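Structure, as C-alpha cells:
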C-alpha cells in the first residue's frame, strides 16, 4: 500500500507542476502587453491623448517567415489596411522595399506601443539587394506597422502617439 500511495502522490505532484507550467506559459503568451498572435489580422487604433486618430485592419506578421515576406509582390493595399510586424524583442529595426510595389509609411513602435518614428518608403523595382534603401527606426522598436504612404500625414499620426489593438 505504501508504494501505491507514494505513486499516487508523485503523480499528483507531477500533474500539479505540469498545470502550473502550463498556466505560466499561457499567461506569458496572453499577457495584456502583447498583441494577440492567434489571429491572422487585428484592428490597430492610433490614439493621442486618449483620442482616436485612425483605425486600420492589419495583417499580423509574427513569425520569421511572415516578417520576411511582409507585403512583397503586392500591387495594392486596401485603404485603412496594413501589416503589423511583431518582434520577440525591442531593438533598432531596419526595413527595405525588396519586391514591394506599394509606396508605404513604416511606423516604428516601441514595447510601450508608442510611435518612435515614421518613414515614407518608395518602391525600388529592379534594385539589387545591396543598393536598396534601409528605412531605420530612430529608437528601439518592437512593432512596425506598414500602411499606404500618406496615411500617417492624412490622419495626423506622429511620433509620440500610441497604438492599441482590439
- Which of the residues spanning segment 72-101 are closer than 14 Å to residue 149 by Cα, touching a residue at least 40 places away in the same chain (Cβ under 8 Å) and buried (at least 18 other Cβ atoms within 10 Å of the Cβ)? 77, 82, 83
- Message: When you check residue 34 against the structure, is it under 23 Å from residue 136 (Cα atoms) and either surrounded by 13 or more Cβ atoms within 10 Å (Cβ to Cβ) or at pLDDT below 95 (or both), yes or no?
- Response: yes
- So residue 105, is it in a strand (DSSP E or B), within 11 Å of the chain's Cα centre (by Cα) and in the same structural domain as residue 151 (by TED's automatic domain parsing): no
- Message: Looking at segment 122-142, I want the residues that are surrounded by fewer than 14 Cβ atoms within 10 Å (Cβ to Cβ) and have a partner that is not in a loop (DSSP other than H, G, I, E, B) with Cβ atoms under 7 Å, at least 6 apart or on another chain. Which pairs are those?
- Response: 134/94; 138/116; 138/117
- Evaluate segment 85-95: report whether one residue or more is modelled with pLDDT of 70 or more, out of contact with any helix residue (DSSP H, G or I) (no Cβ under 9 Å at 6 or more places or on another chain) and either in a loop (DSSP other than H, G, I, E, B) or over 20 Å from residue 111 (Cβ atoms) (or both). yes
- Can you name the number of the only condition in (1) modelled with pLDDT under 50; (2) surrounded by 12 or more Cβ atoms within 10 Å (Cβ to Cβ); (3) not in a loop (DSSP other than H, G, I, E, B) that residue 20 fails? (2)
- Query: Which residues, taken from segment 123-145, are part of a loop (DSSP other than H, G, I, E, B) and under 13 Å from residue 90 (Cβ atoms)?
  - Reply: 137, 139, 140
- Message: Would you confirm, using the coordinates I've provided, whether residue 119 is part of a strand (DSSP E or B) and in contact with a strand residue (DSSP E or B) (Cβ under 9 Å, 6 or more places away or on another chain)?
- Response: yes
- Note on the structure: Just one listed residue, out of 43, 55, 39, is out of contact with any helix residue (DSSP H, G or I) (no Cβ under 7 Å at 6 or more places or on another chain), outside any strand (DSSP E or B), modelled with pLDDT of 50 or more and at negative phi, and it is 39
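The values are calculated or read from the model by the stated rules, or taken from the named source; none is laboratory data. The structure presented is a predicted model; accordingly, all values stated were derived computationally and were not measured. Cβ atoms come from the backbone with ideal geometry, glycine included; neighbour counts cover every protein chain shown.
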